Every structure is written in C-alpha cells, then in structure tokens.
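**Student:** Mind having a look at this structure? Questions to follow.
The values are calculated or read from the model by the stated rules, or taken from the named source; none is laboratory data. Quantities reported herein were computed from a predicted structural model and do not represent experimental measurements. FYI the Cβ positions are ideal-geometry reconstructions off the backbone, even for glycines, and counts take in every protein chain you see. Each accessible area value is taken on the protein alone, full model and side chains, heavy atoms only, with ligands, DNA and RNA left out. Shrake-Rupley method; radii C 1.70, N 1.55, O 1.52, S 1.80 Å.
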Amino acid sequence: MDIQLLLLTIGVSFILAVIAAPLLIPLLRRMKFGQQVRDDGPQSHLKKTGTPTMGGVVILLAFTLAFLKFSAIKNTDFYVLLITTLGFGLIGFLDDYIKIVFKRSLGLTPRQKLFGQLLFSAIICWLLINNGHSTAIGVPGTTWSFDWGGWFYYPFIVLMLLAISNAVNFTDGLDGLLSGTSAIAFGAYAVVAIQATSLPAAVCSAAMIGAVLGFLVYNAHPAKVFMGDTGSLGIGGAIGAIAIVTKSELLFVIIGGVFVIEMLSVVIQVTSFKTRGKRVFKMSPIHHHFELSGWSEWRVVITFWAVGLILAAVGLYLNKGL
C-alpha cells in the first residue's frame, strides 16, 4: 500500500481544515451559532457560553474533499465509509441546527435521532449484504473467530454503529479532548487498514486524521470553536465504518477504549441514580468527574490522550498479523 499517498491525504486534509476553520468561525459568530453551557456543570465552563459550535462542518468538509480526491478505488467499502460518515454527520448537523436556531436544548428528539441512525445503518447493511460481506467476527489477540450468520451479524453491526457514535459523542466535552483521542484512534485504524489491505479504509483514516488535527488547531484549549454533534457523530460513524470494513469489529473496544469508558461512565451513573438514588461519579461523562475533583481541563485532556495512545498501541499489538 502506498504510504506516501496516505501521508499526502493527511497533509491535504489538514491544510483544508486549517484554511476552512477561520473562514467558518466568523460566520458562525454572525449567525449566533454559539454553545449553550449547562449550569450544573463545572463553573469554569460558563465562560465558554457563546463559543461558536457546529465546527464539525470543517471536519466533514476537509475529510470529504480529501477522501474523494485520493480514493482510487470506488468500491462498496468506499461507499460504506462515505455514507456512514456523512450520514451520521448529517444527523448531528440537524441536531445542532435545531438546538441553536429553534432554541431547543435537546435538538432532535431521541426517537428522531435513533430513526436517522437506524436508516443509515440499514443502508450500510444493504450495501454489505449485496457485496457478500463476511459475517465472521474475529476475536482480538487470537486466531479464533465465530460466524453466527447474517441474522446475528447485521443486527450486531447496527447496534455497534449506534454504540460507537454515541460513545464518541459523550467524549466531546472538553477543549481538544475528542479531536485528540479520535486522531489517535484513526491513526491506529490506518495501520489496521493497511494490514487488512483495504485502501478505502486506509485513505478514510488518513483523511480523518488530517481533518481532526486541523480542527484541533482551533479547538485546543482555549477553544475558538466546538465541533458539536455534527463532528462527533460524523467521527463516530467513520470509526464504526472503518471497523466494519476492516473486519476489526471487536478491536474498537480496545483502540476506542477511551470512548467506551466515557459511555460506560454515563450508563453506570444513570443506572446507579435510578436504582439506588446515588451517583457514582461527581458528574458524567467521566471527564467531568476529574474536573470536579480538581484537575485542570488541560490535565484531563492530556491524560485522556495518553490513555488513548496506550490503548491504541495495545490494540495494534493484539491485532492479528502485527
């Protein structure tokens, strides 16, 4: 596989994001597309009120242009990757738009958001079925796999896409947190894609690396723009699609371990409060718990980046063929 092509994809996507962001940020300010900060969250976040959001448009724009430019192969994998990323990103865009323009704190209703995710997941399943996609699922770190047929596999990947996109969405809560952790995850998946000899997945990973790193230039603390659900759901869709295309479905639990931890912290918190009336964490997702425990925002972000890097390395070590 042409490594130079992947490096060029990263570079072009990065430059596109770096150029697009300063053009979009003033526009978002003029349109008053500002972030609404929760009153019950860390008090230090109140000063972020009004910071432009929906910056995920920059990520999706840079990604799409680079992915289309450098994807020499337009096969089923290519369309699965593109449709999942942009489809989930579109759901996030609608959610952000409704929140800001119509002043609805919840944006899309949970039912509407679920319908959209299921719709695009169904399209992906249809593409995979027509292409004879393998329904076997490999166990990381072993040569063992199991194949319970399409009746199990396709509902599994639908649930996986929903879980991954929401887990990634939960992680977007601090300046640069998701941008950095997702860049690390995409870097690991680029290696996985190379090992799986999937050029579309490798180019997709590379385009996303450049896009999120370019966005990070403006999203690092103190953030000049937030990605919103437009970015986080699009990123989640891309990670899920890459995992499916490269047949590394279960490997996400390790490479995307930070996202899994964030989601589990929310599940644990909600379950504990509803069943016991007590909170396990000071606030969920768990990155807010550390903030309320006295950690600076930058310390939390750097620590989570480090954990993400370690987990990505472990995932690559366990990946078959490394």
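**Student:** Anything in the stretch 219-268 that is at pLDDT 95 or above and aromatic (Phe, Trp, Tyr)? List them, or say none.
**Tutor:** Selection gives Phe252, Phe259.
**Student:** Test of understanding: among Gly256, Gly214, Gly234, Gly228, which residue is of a type outside the set (Val, Ile, Thr), under 30 Å from Trp144 (Cβ atoms) and buried (at least 24 other Cβ atoms within 10 Å of the Cβ)?
**Tutor:** Gly256
**Student:** Now a separate question. Going by the structure shown, is Ser284 open to solvent by less than 70 Å² (accessible area, probe 1.4 Å) and in a loop (DSSP other than H, G, I, E, B)?
**Tutor:** It is true that Ser284 is open to solvent by less than 70 Å² (accessible area, probe 1.4 Å) and in a loop (DSSP other than H, G, I, E, B).
**Student:** Still on this structure, please answer the following. Look through Leu128, Leu118 and report the one residue that is of a type outside the set (S, T, N, Q), within 29 Å of Gly231 (Cβ to Cβ), open to solvent by 50 Å² or more (accessible area, probe 1.4 Å) and modelled with pLDDT of 90 or more.
**Tutor:** Leu118
**Student:** Considering only the stretch 155-164, I want to know if a residue exists there that is of a type outside the set (D, E, K, R) and touching a strand residue (DSSP E or B) at 6+ places or on another chain (Cβ under 8 Å).
**Tutor:** Within the stretch 155-164, one or more residues are of a type outside the set (D, E, K, R) and touching a strand residue (DSSP E or B) at 6+ places or on another chain (Cβ under 8 Å).
**Student:** In the stretch 191-201, what count of residues is obtained for those that are surrounded by fewer than 24 Cβ atoms within 10 Å (Cβ to Cβ) and not hydroxyl-bearing (Ser, Thr, Tyr)?
**Tutor:** Adding up the residues that qualify gives 5.
**Student:** Filter the stretch 259-281 for residues that are touching a residue at least 12 places away in the same chain (Cβ under 8 Å) and not in a helix (DSSP H, G or I) and give the result.
**Tutor:** If the condition is that a residue be touching a residue at least 12 places away in the same chain (Cβ under 8 Å) and not in a helix (DSSP H, G or I), then Val280, Phe281 are the ones that fit.
**Student:** Checking Val12 against (1) at pLDDT below 95; (2) open to solvent by less than 90 Å² (accessible area, probe 1.4 Å); (3) of a type outside the set (D, E, K, R), only one condition comes out false. Which one?
**Tutor:** Looking at each condition in turn, Val12 falls short on (1).
**Student:** Could you say which residue among Thr84, Thr53 is surrounded by 16 or more Cβ atoms within 10 Å (Cβ to Cβ), among the polar types (S, T, N, Q), at pLDDT 90 or above and under 16 Å from Ser232 (Cα atoms)? Give the derivation first.
**Tutor:** On the way: Thr53 fails: at pLDDT 90 or above.
Just one listed residue meets the conditions, Thr84.
**Student:** Can you spot a residue in the stretch 142-163 that is surrounded by 15 or more Cβ atoms within 10 Å (Cβ to Cβ), at negative phi, in contact with a helix residue (DSSP H, G or I) (Cβ under 6 Å, 6 or more places away or on another chain) and not in a helix (DSSP H, G or I)?
**Tutor:** No, every residue in the stretch 142-163 fails to be surrounded by 15 or more Cβ atoms within 10 Å (Cβ to Cβ), at negative phi, in contact with a helix residue (DSSP H, G or I) (Cβ under 6 Å, 6 or more places away or on another chain) and not in a helix (DSSP H, G or I).
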